[in-house]
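Here the structure comes first, spelled out in structure tokens, and everything after it is commentary.
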Amino acid sequence: MIQLDQLSLRRGGRVLFQKASMQLHPGWKIGLTGVNGAGKSTLFSALLGGMESDGGSLTRPNVWTVAHMAQEIEALDMKAIDFVLSGDEEYWDIQNKLDHPDQLSNDDLAHLYGRFDEINGYSAPAKASQLMAGLGFFEHQSELSVASFSGGWRMRLNLARTLMSRSDLLLLDEPTNHLDLDAILWLEDWLKAYAGTLVLISHDRDFLDAITDHILHIENQELTLYTGNYSTFERTRSERLAQQQQAYEKQLETRAHLQKYIDRFKAQATKAKQAQSRIKQLERMQELSAAHVDTPFTFSFREPTKMSSPLLELEHADIGYGDKLIVTNVNLQITPTSRIGLLGMNGAGKSTLIKSLVGDLPLLRGHRKASELLNIGYFAQHQMDALDGNASPMLQLARIADPKISEATLRSFLGSFGFSGERMDTPSESFSGGERARLALALIVWKRPNVLILDEPTNHLDLDMRHALTMALQDFEGAVVLVSHERQLIASVCDELILVHAGRSKEFEGDLAAYADWLRQARLDIMKNGQQPSAPVQSLVEEKPAISKTDKEAQRKEAARRRDLTRPIRKNIENAEAKVEKLQPRLAMIEEKLADSSLYDANRKDDLLKLMNEQTDLKQQLEHVEEQILELMMELEELESSFEG
């Protein structure tokens, strides 16, 4: 197991956490979380043995094999399949020796062949091929050189190489950043079956929930271990923070009372001794930190200035690059109420369709019709790369803002995206991927688009910003077209799913769970037949009678109307549930105090009475709020039932 004993780490003179003691047992799947800069990557370095501690120790079994996914990979001439195979270092070493048998004695050969069989060396190439297929590579690509792949695909190769290791400890830092949803679902299944100890850094909530059974959270220079997946961690942490806030407020009152006594009586000879006693008491009192929600992100999309319907159409469009046809006969209409999620396997043409919609890619055939009022907000990786590295966020925002807008308004706007202080005036060339993504998103939001076309907008965003983006998109009053591996984002934002597959685009009738099932079946078909699947599509994407544009627009308007009608009730339910989350920890604390037998001594009658009164009051409040939630849920259910009627 991994043992932390009073471990303290710092980087660049800054303390990350102090005196952490815990045990991480074999087979655990641990999600490592914390805000950017909290020390997650530094702890990874310590687990790898490449970081000296500032105190205490971190130990793990010396016999363990550790696999770690590096963040960069050189442009090697090595074949892709060989690069992946080299991830199993012992296999690769034995194979290289067996390739030169003339340099070995008979005893050496016998030993090597015996060990090769023990480590299942004969099945290693098949395992490497399965890893590559699962991460989106086609069979013919295994013979290509590593240098022939783009940066994102090299990262996939690097992930496959890491998974190839027969490791006891697997360290993965944001493994989903360069993956599509189909590859993420495959990786989930692989990691669930992994027998070793996993430590995972990820900003994908669904990914963490599906895999982890423990969360290791870095906050306020403390390292805390929670049992359960990410959702369980969130609930447990919110309860702990509520209790901490109560204790913090109580301590403030006590400190203020002591200080008031000291200030009043320290100069009086008759009270000097008591004042000194209280000074010592104040010095001994450990200062608690205030509980806080550590997300600085709360923004909303500005209301579009003008609308028309439809805003954008593709009619009988063939899309692709040059002479290469990717998707044929696309018919897609975008109105102000459209909420479209694009699904499809890697390479099916989702990004090609996005670029055709935006107008970056000319159609091979057919028509693209754009309203005169069309104002597209387009987010993609190259939008981030197009930021002016020499200009600060303030300067880049000022360039597109009305000169009459005050500097205070611009700074307040950037602040909602997590830019504050000097960061607003710092050239963006030094920004992290997450900061560049936030800046690109802020510039899009400012332009008040009526159509948002988003291609993997969450790749570099942390959990807090992803949540803020989801909330903002739910309330956005324009159209949305979204490609994302973030399942929660798609489910929360999109009313309509379109599957791009086998050169066609069709409405997908199932939900995301059905799509996950389809992807798993699709991978099996590829492995069996070496070709794209066809049968599963027919079962989930049904041919239906053509729906007129008028009917389609009416359906979208109805979906938007229902969202608007139910939004106030859902908001009230959220507010009421937040009240319950505040009341329950306080009530639990009171009941814990009431369990103290010393409280029932005669000299503590006033304390007992005060606590019992507070308990009664809290129970009444809780009962009232729970009744309110029940009534609101019944109201919501009744309203949703009326839609079906």
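Can you give the percent of C-alpha pairs in the range 565-644 whose distance is more than 14 Å? Intermediate values should be presented prior to the final figure.
On the way: 2190 of 3160 pairs.
For the range 565-644, the fraction of Cα-Cα distances above 14 Å is 69 percent.
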| request: Take peptides 228-235, 83-90 and line them up by average Cβ neighbours within 10 Å, highest first, as a rough protection proxy. | output: 83-90, 228-235
| remark: Applied in sequence order to the range 467-474, the curve 6.51 cos²θ - 1.76 cosθ + 1.60 (Karplus, θ = phi - 60°) yields integer Hz couplings, x standing for Gly and Pro, of 5, 5, 5, 4, 4, 5, 5, 4
| field | Rg [Å, one decimal], Dmax [Å, integer] - the chain, C-alpha atoms | value | 29.4, 98
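Would you calculate, for the chain, the mean residue ellipticity at 222 nm contributed by helices, counting each DSSP H stretch of 4 or more residues as -39,500 (n - 2.57) and dividing by all residues, to the nearest 500? Numbers along the way, then the final one.
Numbers: 21 runs with 307 residues, N = 645.
Value at 222 nm, helices only: -15500 deg cm²/dmol.
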| remark: Over 32 Å (Cα to Cα) among 324/369; 29/593; 260/579; 579/610 -> 29/593; 260/579
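Using a 10 Å cut-off on Cβ atoms, rank the peptides 380-388, 113-121 from the highest mean neighbour count down.
Details: 380-388: 15.3, 113-121: 13.2.
The most tightly packed comes first, giving 380-388, 113-121.
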| query | Roughly how many nanometres apart are two label points built 7 Å out from the Cα toward the Cβ at residue 54 and residue 570? | reply | 4.3
| message | With viscosity set to 1.002 mPa s at 20 °C, what whole-number translational diffusion coefficient in µm²/s follows for the range 312-508 from Stokes-Einstein and a Kirkwood radius over Cα pairs? | response | 121
| Dipole magnitude of the chain, debye to nearest 20 (Cβ charges: Lys/Arg +1, Asp/Glu -1, about Cα centre) | 2160
| query | Ordered by residue, what ³J(HN,Hα) values in Hz, to whole numbers, does the range 438-443 give under the Karplus form 6.51 cos²θ - 1.76 cosθ + 1.60, where θ = phi - 60° and Gly and Pro are x? | reply | 5, 5, 4, 5, 4, 5
| task | Could I have the simple spin-label model distance between residue 126 and residue 373, label points 7 Å from Cα toward Cβ, reported in nm to one decimal? | result | 6.1
| query | Does anything in the range 365-381 have its amide N under 15 Å from the 7 Å Cα→Cβ label point of residue 496, and if so which residues? | reply | 369
| remark: Phi-derived 3J(HN,Hα) across the range 396-403 with the Karplus relation (6.51, -1.76, 1.60, θ = phi - 60°), rounded Hz, x for Gly and Pro, is 5, 6, 4, 4, 9, 8, 4, x
| note | Rounded to the nearest Å, the spacing of the alpha-carbon centers of the range 179-223 and the range 570-586 is 29
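Highest first, please rank the peptides 583-590, 429-436 by the mean number of other Cβ atoms sitting within 10 Å of their residues. Intermediate values should be presented prior to the final figure.
Numbers: 583-590: 17.1, 429-436: 15.0.
The peptides rank, most packed first, as 583-590, 429-436.
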| request: List every residue whose amide H lies under 5 Å from the amide H of residue 481, counting only residues 5 or more places away in sequence or on a different chain, with H placed 1.01 Å from N in the peptide plane. | output: 340, 452, 453, 454
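Considering just Cα atoms, how many Å³ per residue does the convex hull of the range 3-107 enclose? Provide the component values of the computation, followed by the final result.
Details: hull volume 19.4 nm³, N = 105.
Expressed per residue, the convex hull around the Cα atoms of the range 3-107 is 184 Å³.
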| said: Give me the extension gain from residue 407 to residue 150: residue separation times 0.36 nm, minus the current Cα-Cα distance, reported in nm with one decimal. | reply: 88.4 nm
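Just so you know, all these numbers are worked out from the coordinates, no wet-lab data involved. Model, not experiment: these values are computed from the prediction. Every residue, glycine among them, receives a Cβ derived from its backbone with ideal geometry; neighbour counts consider all protein chains shown.
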